[in-house]
1. Sort out which residues of the stretch 312-337 are within 20 Å of D10 (Cα to Cα) and exposed (fewer than 14 other Cβ atoms within 10 Å of the Cβ), and write them in order of number.
2. On the given criteria, is P367 more than 16 Å from the ligand (Cβ to nearest atom), under 30 Å from L269 (Cβ atoms), in contact with a strand residue (DSSP E or B) (Cβ under 8 Å, 6 or more places away or on another chain) and in contact (Cβ under 8 Å) with a residue 24 or more places away in the chain?
3. So which residues in the stretch 243-261 are within 11 Å of the ligand (Cβ to nearest atom), in a loop (DSSP other than H, G, I, E, B) and among the hydroxyl-bearing types (S, T, Y), if there are any at all?
4. Under 22 Å from S286 (Cβ atoms), more than 13 Å from the ligand (Cβ to nearest atom) and assigned to a loop (DSSP other than H, G, I, E, B), is that true of P170?
5. Is it true that Y110 is more than 30 Å from P225 (Cα to Cα), in a loop (DSSP other than H, G, I, E, B) and touching a residue at least 40 places away in the same chain (Cβ under 8 Å)?
6. Please go through (1) away from the ligand (no atom under 16 Å from the Cβ); (2) outside any helix (DSSP H, G or I) for A331 and return the number of the only condition it doesn't satisfy.
7. Checking D181 against (1) in contact with a Lys or Arg (Cβ under 7 Å, 6 or more places away or on another chain); (2) outside the structural domain of E139 (by TED's automatic domain parsing): exactly one of these is not met. Which one?
8. From the residues in the stretch 166-185 that are charged (D, E, K, R) and surrounded by fewer than 19 Cβ atoms within 10 Å (Cβ to Cβ), which one is farthest from the chain's Cα centre (by Cα)?
Amino acid sequence: MSFRPPKGTDDLLAPRSQSWREALGLWEDWSARYGYPLVMTPVLEATELFERGVGETTEVVTKQMFTFTDRGGRSMTLRPEGTAGVVRAFLASGGQGPWKGAYSGPFFRYEQPQGGRRRQFWQLGVEYLNVESPVADAEVIELGYRYLETVGVADLELVVNTLGDPSCRPAYVEALRRYLDERRQLLSPESARLIELNPLRVLDSKTDRPHLDDPPRMTDFLCEPCARHYDGVKHLLDTLEITYTEDLSLVRGLDYYTRTAFEYVGRGLATAQNALGGGGRYDGLSELLGGPPTPGVGFALGLDRIILSAGKEPGSHLDAYLVYETDVTEAVVVASRLRRTGTRVDFDGEGRPVEAQFRMAARLDVPVVLVYRGSDLPVEARASGVSHEMGLDEVPEWVRRSRDT
Ligand code: HAM
């Protein structure tokens, strides 16, 4: 058969998929610890949601969306990001007051595929709505940071910036426009076009940004409330002993950000795609979608890049493989008992000879092989070349202890 996954998408099978399962399990744990319940939104949304929410001049909207007309004549898009959909869902539910949600799932962007840049990729994210205080910004930044540390990302760096708000940003945008206009001849035609439309996007351009020395800085234009907010976020990060650097040219690729913007960078990642995740505050997004004023802050992490960056060999998806010398029905019962007490165990379902069962255990590279000889005989547990005998009831606890050490 010659079918392959579509360009920029991947099949993910064991043993590699085990790294994903572990990272997703840790995500469930960390997002729950910070009080974020699960939120699930459709993979498919009306195209207009992203045009309005993410911004019509962003690369995501102009070049990267998988958009099609459905059979009812509606323009639909495979979600390129999660924030617009989550805010839409919150508004549709009539939501009010402080609200939190955590998500994980596939997202789609039509990009030139390379290591860590896929057309279908997996994001883990949170959104924290209706809390204006810098406490919310610091909390989401901390959650992403602690998660990435736990997952084992090498050389993690946090970069922060502020983008001001509608009261102070226009003066900055004007200064940036004048600055870019004076350098128009250095810029690509695409960036030159953006000077009028959306000059912040020029700072986001990978080709043009290196030619721009010392552009005007948002921090020189901040209004008092924005300056106070930014100081508040940094003070809380200091208090939480989270190390960060400030990059006054960090603008992020989506238009909805106000005030705080941040990125997690994996300096240990050999590929150019070292932005492991990013986020920020988006106090105006709800109104762009026709909702009431609803401040919000959140982030999304790219799981494909996190796994590359952590670079760990995937563990086994099993605790043990059961080799049995009895008939297969007895093995079914023994495996069931072990599974119900928490042991991840598998066995041969076809009653093959013991040697074939051992070969399968070796192929699966399991940490423990259990040899079962009959109900009145002890079970032999083989691990790291050493053999231990015990009653069947003792196996789950023994396996758990050897897993944790
Ligand atoms: P974003 O920076 O566009 O933000 O994406 C977040 C992360 O998703 C990136 O840092 C990267 O790790 C991963 N990512 C993006 N595109 C790809 C790709 N083509 N292949 C692999 N990984 C990719 C957002 O999406 C915002 N919604 C984040 C946010 C949430 N802001 C506030 N709340």
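1. Those that are within 20 Å of D10 (Cα to Cα) and exposed (fewer than 14 other Cβ atoms within 10 Å of the Cβ): K312, E313.
2. Working: more than 16 Å from the ligand (Cβ to nearest atom): yes; under 30 Å from L269 (Cβ atoms): yes; in contact with a strand residue (DSSP E or B) (Cβ under 8 Å, 6 or more places away or on another chain): yes; in contact (Cβ under 8 Å) with a residue 24 or more places away in the chain: yes.
Here the answer is yes, as P367 does meet what is asked.
3. Those that are within 11 Å of the ligand (Cβ to nearest atom), in a loop (DSSP other than H, G, I, E, B) and among the hydroxyl-bearing types (S, T, Y): Y256, Y257.
4. Values: under 22 Å from S286 (Cβ atoms): yes; more than 13 Å from the ligand (Cβ to nearest atom): yes; assigned to a loop (DSSP other than H, G, I, E, B): no.
Judged against the criteria, P170 is not a match.
5. On the way: more than 30 Å from P225 (Cα to Cα): yes; in a loop (DSSP other than H, G, I, E, B): yes; touching a residue at least 40 places away in the same chain (Cβ under 8 Å): yes.
It is true that Y110 is more than 30 Å from P225 (Cα to Cα), in a loop (DSSP other than H, G, I, E, B) and touching a residue at least 40 places away in the same chain (Cβ under 8 Å).
6. So A331 meets the others, but not (2).
7. (1)
8. The first filter runs over the stretch 166-185 and keeps only residues charged (D, E, K, R), leaving 169, 174, 177-178, 181-184.
Then drop every residue that is not surrounded by fewer than 19 Cβ atoms within 10 Å (Cβ to Cβ), which leaves 174, 177-178, 181-184.
Working: E174: 34, R177: 34, R178: 37, D181: 37, E182: 39, R183: 37, R184: 37 Å.
Step by step, filter the stretch 166-185, then rank; the result is E182.
The values are calculated or read from the model by the stated rules, or taken from the named source; none is laboratory data. Owing to the predicted nature of the structure, the values given are computational and were not obtained by experimental measurement. Virtual Cβ from ideal backbone geometry, glycine too; neighbours counted across all protein chains shown.
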